[in-house]
There are 2 protein chains.
Amino acid sequence: MTRAQRAVLGALAAEGPFVSAQDLHAQLRGAGDRIGLTSVYRALQALADSGDVDVLRTPSGEATYRRCGSDRHHHHLVCASCGKAVEVEAPALERWVRQVAATHEFAVDSHTLEISGRCRTCARD
Amino acid sequence: MTRAQRAVLGALAAEGPFVSAQDLHAQLRGAGDRIGLTSVYRALQALADSGDVDVLRTPSGEATYRRCGSDRHHHHLVCASCGKAVEVEAPALERWVRQVAATHEFAVDSHTLEISGRCRTCARD
DNA sequence: TTAGTTGCAAAAAGTTTGCAGCACG
DNA sequence: CGTGCTGCAAACTTTTTGCAACTAA
């Protein structure tokens, strides 16, 4: 594990919000780290490949990252306001996906489900 | 409705695959249309806003568009190879989403479910 | 010494915006 | 006329790549 990967993992507090590479870089720089943006991108890519961080694409197209509590396959409930994310497992959904795909004679490669909303704190504006 | 919107809607055959703005532009140009890339982007944005086309972001982050058969809320089963898409409605999923959100005290704004796989034709390589 | 890591600068890719000209009521 | 549409060129954003300097076994 490289220095950049350690720095990124450290900044990506477990259970925290999804953060973009740029934000993460700014955060690390702000904390005194001299890390370059390139290294942040490279570290995130490596960590995502190894499954140590989850990637989520925002509607605007930018990739955001998070260190998740579970190694298992799961989905996210994300607060559109504060970014807080909850991990949810959905065995019934997985079964349903496979069944629907079979009906249409598709072999499933992958699927994504993301729920966007407001957490209780942010809901009362 | 502008000329660009008519051209885009025409090129975006109903029930066809999801297509990027760039591909759509190339396709229209190839067919002899003198339309500019800017107009394609503007037309797609307007059509997406009015709900006449569905938008899907590919894993690489580029936006793709499709004219769907149903006006109702639905999800997609997309072939990763040929782009063919099937629309699926999932009332049970919608109920499940609301219930999970309620459990975590989230007010749901929106949710997305996309299934990526291979259709029968593409599966036999 | 050598394989891997770093960060800057530049490039790439997708999308948006400024603006002058055009079309059409 | 004037309002809105058009397309080019330029700007912008996010991400990737080339490369020379650096680091650590």
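Read the figures in this text as sums done on the coordinates, not as results from a lab. All of these numbers come straight from a predicted model, not from anything done at the bench. So basically every Cβ, Gly included, is an ideal-geometry build from the backbone, and we count neighbours across all protein chains shown.
Between the exposed loop cleavage positions of chain B, defined as trypsin sites (Lys or Arg not before Pro) in a non-H, G, I, E, B DSSP state with at most 12 neighbouring beta-carbon atoms within 10 angstrom, the longest gap is B:73-123. Considering only C-alpha atoms, what is the centroid distance from the range B:15-65 to the range A:64-125, in Å? Between the Cα centres of the range B:15-65 and the range A:64-125 lies a distance of 27 Å. With Cα atoms as the point set, chain B shows a radius of gyration and Dmax of 16.5, 55 Å. Other protein chain C-beta atoms within 10 Å of residue C-beta, averaged over B:111-123: 6. Take each residue in A:94-107, count the other chain C-beta atoms within 10 Å of its C-beta, and the mean is 5.
Computed from backbone phi, the HN-Hα couplings of the range A:51-66 come to x, 7, 10, 9, 10, 9, 9, 6, x, 7, x, 8, 7, 10, 10, 7 Hz, rounded to whole numbers (Karplus: 6.51 cos²θ - 1.76 cosθ + 1.60, θ = phi - 60°; Gly and Pro given as x). Each residue of the range A:26-40 is assigned a 3J(HN,Hα), and the resulting list reads 4, 4, 5, 4, x, 7, x, 6, 9, 4, x, 4, 4, 5, 5 Hz, derived from the Karplus form 6.51 cos²θ - 1.76 cosθ + 1.60 (θ = phi - 60°), x at Gly and Pro. Give me D for the range B:9-70 in µm² s⁻¹, whole number, from Stokes-Einstein with Rh from the Kirkwood sum over alpha-carbon pairs, 20 °C and 1.002 mPa s. Translational D for this selection: 183 µm²/s. Inter-copy label distances at A:Arg95, using a point 7 Å along Cα-to-Cβ, come to 1.5 nm with the shortest given first. Stokes-Einstein diffusion for the protein assembly as shown, with the hydrodynamic radius set to the Kirkwood value over Cα pairs and evaluated at 37 °C in a medium of 0.692 mPa s, equals 163 µm²/s.
Stokes-Einstein diffusion for the range B:48-107, with the hydrodynamic radius set to the Kirkwood value over Cα pairs and evaluated at 37 °C in a medium of 0.692 mPa s, equals 243 µm²/s.
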